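The values are calculated or read from the model by the stated rules, or taken from the named source; none is laboratory data. Model, not experiment: these values are computed from the prediction. Every residue, glycine among them, receives a Cβ derived from its backbone with ideal geometry; neighbour counts consider all protein chains shown. The protein model used for the area step is the full one, side chains on, heavy atoms only, and it has no ligands, DNA or RNA in it. Shrake-Rupley method; radii C 1.70, N 1.55, O 1.52, S 1.80 Å.
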Amino acid sequence: MTTAYSQDLTFSRHLFDTYDTYRDTALTHRRFKQADILPLIDRLKTDSRFDITKVGESVEKRPIQMIKVGTGPRKVLLWSQMHGDEPSATMAIFDIFNLLRADGEFDEFKTKLLAETTLYFVPMLNPDGAERYQRRNALDIDLNRDALRLQSPESVILKGLQQSLKPEVGFNLHDQSTRYSVGHTPKQATISFLATAYDEARNINPVRERSMQLIVGMNRVLQQFIPGGVGRYSDEFEPRAFGDNIQKWGTTLILIESGGYPNDPEKQFIRKLNYVSILTALQAIATDSYKAESRSEYNTIPENERYLFDVLIRKAQIMRGGKPVTVDIGINRYEVNVGNAATFGYRSSIDDFGDLSTFFGIEEIDATGLTVSPGQIHPDTLRSLADLKKYKLDSLVQKGVTTFRLAAPSRATTHLAPVHLLQPTTSAARPIQTGRIPTFVLRRGNQLRYVFVNGFWLDVSNGSNKLGTGVVE
Ligand SMILES: [Zn+2]
């Protein structure tokens, strides 16, 4: 089947190279809300090939819409953002609509696809969660643990669609932690797949075998763009989850998880990978070409593992009881919603400490010969956050000033400047240890080398930096 494979590779390369023509420019970052996608769905109403139906409402009465396109016998149901803070595939779905609407270079593919399949898209199944940029819905229920009890209207909608449409294939589109590694390697799992199990024994029936075959093809395609960057989720059976049950109910289920990619915090490259891999899989479904894939190749995709920190500082010295101790410091940066969750800051944490030689950092700092010590606290006390504007913060950070004290309590937990702010009652003199916010400096003797503020850093020797948002502690 070398020919079918090389056709897949050529087709996916073509999709990749022409992507910018179809990318929906209305969506540029992850924190869009339902109000941002409703006009994009409305736009499809002018195209007679698209059929838009309201399939129900969320807890907070937001309409949930399904977009149907195609007239073929193979039904495919695709839903995204069942978890409100997992939007990468939603963006890709609107890119796919643009490709399906446009005339030109992909006409042959589209004619075949829409004649052989009927596609049912439900973008943003959890609009209330997206509104708050949170995983759960407005009942604080995780929809992906509600497939049996069906307490959420969104869950009732999804099960109802599976039961009434009886699709041959379903795409369950999620985002995963950016800190999953591909096996025990430093590579981030940029995309992970799962041919979900339908029972505890993880048996393989023809329904599940087709998931594996489709994933084998998508993995081969993605290896062109992210060599070594594809992982496989653990197939432990979760009796309450939708993927597992939909596979059990007879729809071939593919889970796609969008992870992390270096310097892609808004996941725009990963969105493009979703676009390419979903369209390639749809072609394989339309032509039945995936049936020639060997399911055993599925098991060669390395499993997702947890061997990554956002930053790993290797072999730093800290002083304990007057004696030097050599430690690695594992730092993770956590997003904190700001305001109505349209923006965010970070609060970072020292998540591990000690011998971390079996781990990797997405960013790594070799601190051999460097000693950790507290950053300087500026002698001025700030009356408010706005006072920060009076200071040349870049040059202060260069000199190792990491921290200001606030005169009055602030409700903010993060802020934009690369400075660590201390509330009036927060003690500054605490040792560097797990659970603490990573604000400190690294010196060689008296020479300042690195300045860390809230897990972001500056290399004083050459000015290179990953400085980010500050924190209020
Ligand atoms: Zn999810």
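Values computed for the structure shown
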item	result
Entries of Lys61/Lys159; Lys54/Lys159; Lys392/Lys466; Lys323/Lys399; Lys112/Lys166 with Cα pairs more than 20 Å apart	Lys323/Lys399; Lys112/Lys166
Rounded percent of accessible protein surface that carbon and sulfur make up, the range 354-473, 1.4 Å probe	52 percent
Sequence-distant residues sharing a close amide H with Phe309 (under 5 Å, placed H)	Phe360, Gly361, Ile362
Overall form of the range 3-305 per C-alpha gyration tensor (a/c, 1.5; a/b vs b/c)	rounded
For Trp457, distant residues with modelled amide H under 5 Å away	Lys466, Leu467, Gly468
Check: the chain dipole with +1 on Lys, Arg Cβ and -1 on Asp, Glu Cβ, in debye	1240 debye
Gyration tensor verdict on the range 304-420 (Cα atoms; rounded if a/c is under 1.5, prolate if a/b is larger than b/c, oblate otherwise)	oblate
Highest-first arrangement of 228-234, 433-439, where packing means the average Cβ count within 10 Å	228-234, 433-439
Whole-number accessible area per residue in Å² for the chain, which is evaluated in the context of all protein chains at 1.4 Å	41 Å²
Most positive-pole-ward Cα, Phe452, Gly321, Gly339, against dipole of the range 308-472 from beta carbon charges	Gly321
Per-pair calculated FRET efficiency, R0 = 41 Å: Thr434 and Asp380 via Cβ, rounded to 0.05	0.85
Using a Förster distance of 41 Å, the FRET efficiency for Arg240-Thr185 (Cβ separation, nearest 0.05)	0.85
Under 19 Å from the Ser461 label point (7 Å along Cα→beta-carbon), backbone N, the range 314-355	314-318, 327-329
In order through the range 235-242: 3J(HN,Hα) via Karplus (6.51 cos²θ - 1.76 cosθ + 1.60), integer Hz, x for Gly, Pro	9, 4, 6, 10, x, 9, 8, 6
Amide hydrogen neighbours beyond the local backbone of Val59, cut-off 5 Å, H modeled	Ala138, Glu154
The range 462-473 - phi-based ³J(HN,Hα) in whole Hz, Karplus 6.51/-1.76/1.60, Gly and Pro as x	9, x, 5, 7, 10, 6, x, 7, x, 9, 10, 10
Net lengthening on full extension, Lys291/Val156 (0.36 nm per residue, minus Cα-Cα)	45.4 nm
Helix-only [θ]222 nm of the chain, DSSP H runs n ≥ 4, -39500 (n - 2.57) each, per residue, nearest 500	-8000 deg cm²/dmol
Degrees between helix 153-165 axis and first principal axis of the chain (Cα, 0 to 90, nearest 10)	30 degrees
Relative contact order of the range 1-71, pairs being alpha-carbon contacts under 8 Å that are 6 or more residues apart, as %	18 percent
Using θ = phi - 60° and Karplus 6.51 cos²θ - 1.76 cosθ + 1.60, couplings along the range 254-260 (whole Hz; Gly, Pro as x)	10, 9, 10, 10, 8, x, x
Leading residue at positive end of dipole, the range 3-305 (Cβ point charges), from Gly231, Val182, Thr287	Thr287
Peptides ranked, highest mean first, by Cβ atoms within 10 Å: ranges 84-94, 17-27, 270-280	84-94, 270-280, 17-27
Label-point gap, in nm, between His14 and Asp36 - each point 7 angstrom along Cα→Cβ	3.2 nm
Accessible surface of the range 3-305 [probe 1.4 Å, protein heavy atoms]: carbon and sulfur percent	47 percent
Value of relative contact order over the range 3-305, rounded to a whole percent, pairs C-alpha under 8 Å and six or more apart	22 percent
Spin-label proximity, Ile52 to the range 9-32 - amide N less than 17 Å from point 7 Å beyond Cα toward beta carbon	24-27
